[in-house]
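Following: one structure in structure tokens, then a few remarks.
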Amino acid sequence: MYQSEEAIRRKREENYNREKQITEELLRNLKGRWGAVLGGIIPGMQDAISAGPRKKVKCPINHHGDGRPTKKVLPDGRVIVKKSEPDFRIGKDFEDTGHCICTCDNTMANGFRVIMVYYGCTFMEAKQKVIDFLGGSLIADHVKKVVRPEPSPEEIARADAKIRDRLKWMWEGTFDPNHPRSEPMRNWIESRGLPDCSDIKNVRFHPSLRYVDPKPVGDLGKFPAQVALLEDIDGRPVTLHRTYLKPDGRGKADVPKARKQETHVSDRAPAGCAVRLDTFQFPVLGIGEGLESSYAARAMIRELGIPLWSTLDAGLMRHVVLPDWAKVIIVFGDRDRGMAGQVATYELVERARKEGRRATGLLPPFAIPEEAKSIDWDDVVRVMGLEAAKRLPIYLQWKMKLRQVLREMGQPIEALERMAA
């Protein structure tokens, strides 16, 4: 029988509301039980659950991080051989949400997403797998619930005080990039094929930071480190990010995880934050992902007078809070085999546009080299050289469009002249 468009619309709305109610009931019933559910649905997940939220294990989703040597082939044909490091762990809120963390995919914020990534299925299919695991029911009472006691206000205050003291001690022990003792940091930047970055803000050098991992790794000693300050949109310090280096700085330290982010106090969180490599304001703002990729992007737009912020990873890029003064956003994203960088770039550009800004994303215009996980703007500048990178067609097209946008915004002639140079 023929149905009117209004009847079809009502039917779709009823189906949507029914599925929404099912999802909400499942989420309520699964709170505190996601460990048992995901451990039963995803093979290999139990290792991560047993390890807890602080220890990384081989990824059960994309099966990387088993310690075997892997090759990264750069665009110029050079091959870098390194061991794949365990890079998967459960989040602190795992039992309540199913949240998992891994560089292979930064979208696993809840248990349904973890199932979707593992099986390559839709949300509805993931939800059905959960219902099937529960015996065709939405009730999860037969699944053991893990309840973690909430810390008292006094315990939270004591923990926050320790964190503040550690962050203060670490930052006060750093040196400006131009300081004589910061030579290893300058060597690190040079070894990445990057131009002079001595004028960057909020990234400094620490001559000796201890590296400690949970057992069985333990304390591996002290190493020089590049230390970056992560700030929220109001300019408040939130936490620090460390890159452990070799003694001379010409490479990362030989430790399981050379890049580490410090913890943060209870009333501040990294979500929405960035490392402000430049602190001045301009109607245009560049956003990069990792520090070295952001250094390269910053070098490309430096002559245009555009500030650049780094979000450190794709997860923070997706949620970075943009300042009111930035009317035009240029996102220098990574091209990842797992699509995390591409998705983060797209989502930030779309969000910026919805906020009424002009926004564009630029990804490295090359395929990911065979056996490599990704390619970023540091790879591009390192292989091509800075001047050649600035002659890439996608960059020149964006620069030409930007000049037109700035003219429409009534920017002073010197800004337009920089765009035309």
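Rule-based calculations on the coordinates, nothing more; no lab input. All values derive from a computational prediction rather than experimental measurement. A quick note on method: Cβ atoms are made from the backbone with ideal geometry, for glycine too, and the neighbour counts reach across all protein chains shown.
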| What is the mean projected area of the alpha carbon convex hull for segment 95-152, to one decimal in square nanometres? | 5.3
| So, counting K/R as plus one and D/E as minus one, what does the shell of residues with Cβ under 15 Å around Tyr119 add up to? | 0
| Dipole of segment 216-297 (Lys/Arg Cβ +1, Asp/Glu Cβ -1, origin at the Cα centre): which of Val238, Gly251, His264 lies farthest to the positive side? | Gly251
| request: Treat segment 1-60 as a sphere of radius equal to its Kirkwood radius over Cα pairs and apply Stokes-Einstein at 25 °C in a medium of 0.890 mPa s; give the translational diffusion coefficient in µm²/s, rounded to a whole number. | output: 166
| said: For a distance above 19 Å, tell me the whole-number percent of Cα pairs in segment 137-193 that qualify. | reply: 65
| message | If you scale each eigenvalue of the Cα gyration tensor by 5 and take the root, what three semi-axes come out for segment 103-256, rounded to whole angstrom and sorted largest first? | response | 42, 22, 16
| task | Lys and Arg at +1, Asp and Glu at -1: add these up for the other residues within a Cβ distance under 11 Å of Ala109 and post the number. | result | 0
| remark: Where a ≥ b ≥ c are root eigenvalues of the Cα gyration tensor, a/c under 1.5 meaning rounded, otherwise prolate if a/b exceeds b/c and oblate otherwise, segment 223-325 counts as oblate
| said: Based on alpha-carbon atoms only, what is the radius of gyration of segment 320-375 relative to the globular estimate 2.2 N^0.38 Å? | reply: 1.26
| field | Label-point separation in nm, Arg407 to Ala367, each point 7 Å along Cα→Cβ | value | 3.9
| Given Lys354/Lys399; Lys11/Lys354; Lys92/Lys144, the pairs whose alpha carbons are separated by over 27 Å | Lys11/Lys354
| said: If the only charges are +1 at each Lys and Arg Cβ and -1 at each Asp and Glu Cβ, what is the size of the charge dipole of the chain around the Cα centre, to the nearest 20 debye? | reply: 480
| note | Long-range share for segment 303-421, i.e. C-alpha pairs more than 17 Å apart as a percent of all pairs, stands at 60
| remark: The value for segment 352-421 (convex hull of the alpha-carbon atoms, volume per residue, Å³) is 111
| field | Within segment 303-409, chymotrypsin sites (Phe, Trp or Tyr not before Pro) in DSSP loop having at most 12 other beta-carbon neighbours inside 10 Å | value | Trp325
| task | Return the sequence-ordered ³J(HN,Hα) values of segment 186-197 in whole Hz as given by the Karplus equation 6.51 cos²θ - 1.76 cosθ + 1.60 applied to θ = phi - 60°, using x for Gly and Pro. | result | 5, 5, 4, 5, 5, 5, 8, x, 9, x, 4, 10
| remark: Here the gain from full extension of Asp196 to His179, 0.36 nm per residue of separation minus their alpha-carbon distance, amounts to 4.8 nm
| request: State, as an integer percentage, the relative contact order of the chain based on alpha-carbon contacts under 8 Å between residues 6 or more apart. | output: 11
| request: Using only Cα atoms, figure out Rg for the chain and give it as a multiple of 2.2 N^0.38 Å. | output: 1.08
| Sum of side-chain charges, Glu262 neighbourhood, beta-carbon under 10 Å (Lys, Arg +1; Asp, Glu -1) | +3
| message | What does DSSP give for the chain in terms of the percent of beta bridges that are antiparallel, rounded to the nearest 5? | response | 75
